[in-house]
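Novice: Can you read through this structure? Questions will come right after.
The values are calculated or read from the model by the stated rules, or taken from the named source; none is laboratory data. Just so it is clear, the model here is predicted, and its values are computed rather than measured. Cβ placement follows ideal geometry from the backbone for every residue including glycine, while neighbour counts extend to all protein chains displayed.
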């Protein structure tokens, strides 16, 4: 695993914190890739991914697509109605949701003109639980849900 340096941009404040960016290997000094709107979101996203999502037996990855300027504003009420809690409050680019049998993380790239898509990683006890929840999100919102990968692969 290669270390990736992170840069904390104090000139880009957001909710009492600042933008987190990284630089890919071989990139110019000023060529930064924006990763998270805040350091707090990055740390919570990483902890939820490592300590919850990676420990569950079924994982899927994909994207949410829509025309709404804040896609997570469409996802949050559905997740709340299904009993999910948010471990920390987040902005419009990072969504963190968990309940006993499932956990979801969503991420978008700040200031890159990609407001119509959020990638997600979703894990749970069974594929059936994940499919049901993703179906609820699609039915209750105007979002298109696309699953790109199941781990382990579905039979």
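Novice: Please pick out the residue among 103, 139, 44 that is more than 28 Å from residue 22 (Cβ to Cβ) and either surrounded by 15 or more Cβ atoms within 10 Å (Cβ to Cβ) or more than 14 Å from the chain's Cα centre (by Cα) (or both).
Specialist: 139
Novice: Pull up segment 57-72, narrow it to residues that are farther than 19 Å from residue 132 by Cα and touching a residue at least 60 places away in the same chain (Cβ under 8 Å), then point me to the one that is nearest to the chain's Cα centre (by Cα).
Specialist: Restricting to residues being farther than 19 Å from residue 132 by Cα and touching a residue at least 60 places away in the same chain (Cβ under 8 Å), the top hit is 71.
Novice: Now for a different question. Please tell me if residue 121 is over 25 Å from residue 46 (Cβ atoms), surrounded by 13 or more Cβ atoms within 10 Å (Cβ to Cβ) and either modelled with pLDDT of 95 or more or under 15 Å from the mean Cα position of the chain (by Cα) (or both).
Specialist: Here the answer is no, as residue 121 does not meet what is asked.
Novice: Can you tell me which of 95, 62 is under 14 Å from residue 35 (Cα atoms), touching a strand residue (DSSP E or B) at 6+ places or on another chain (Cβ under 6 Å), assigned to a strand (DSSP E or B) and at pLDDT 95 or above?
Specialist: Of the residues listed, the single one that is under 14 Å from residue 35 (Cα atoms), touching a strand residue (DSSP E or B) at 6+ places or on another chain (Cβ under 6 Å), assigned to a strand (DSSP E or B) and at pLDDT 95 or above is 95.
Novice: Output the number of the condition that residue 68 fails; it satisfies all remaining conditions of (1) surrounded by fewer than 17 Cβ atoms within 10 Å (Cβ to Cβ); (2) out of contact with any helix residue (DSSP H, G or I) (no Cβ under 6 Å at 6 or more places or on another chain).
Specialist: So the condition that residue 68 fails would be (2).
Novice: Out of curiosity, is residue 131 touching a strand residue (DSSP E or B) at 6+ places or on another chain (Cβ under 7 Å) and free of Cβ contacts under 8 Å to residues at least 40 places away in the same chain?
Specialist: Against the criterion (touching a strand residue (DSSP E or B) at 6+ places or on another chain (Cβ under 7 Å) and free of Cβ contacts under 8 Å to residues at least 40 places away in the same chain), residue 131 does not qualify.
Novice: Hey, can you tell me all the residues within segment 8-56 that are under 23 Å from residue 122 (Cβ atoms), part of a helix (DSSP H, G or I), without any contact (Cβ under 8 Å) to a residue 60 or more places away in the chain and in contact with a strand residue (DSSP E or B) (Cβ under 7 Å, 6 or more places away or on another chain)?
Specialist: 40, 41, 42, 44, 48
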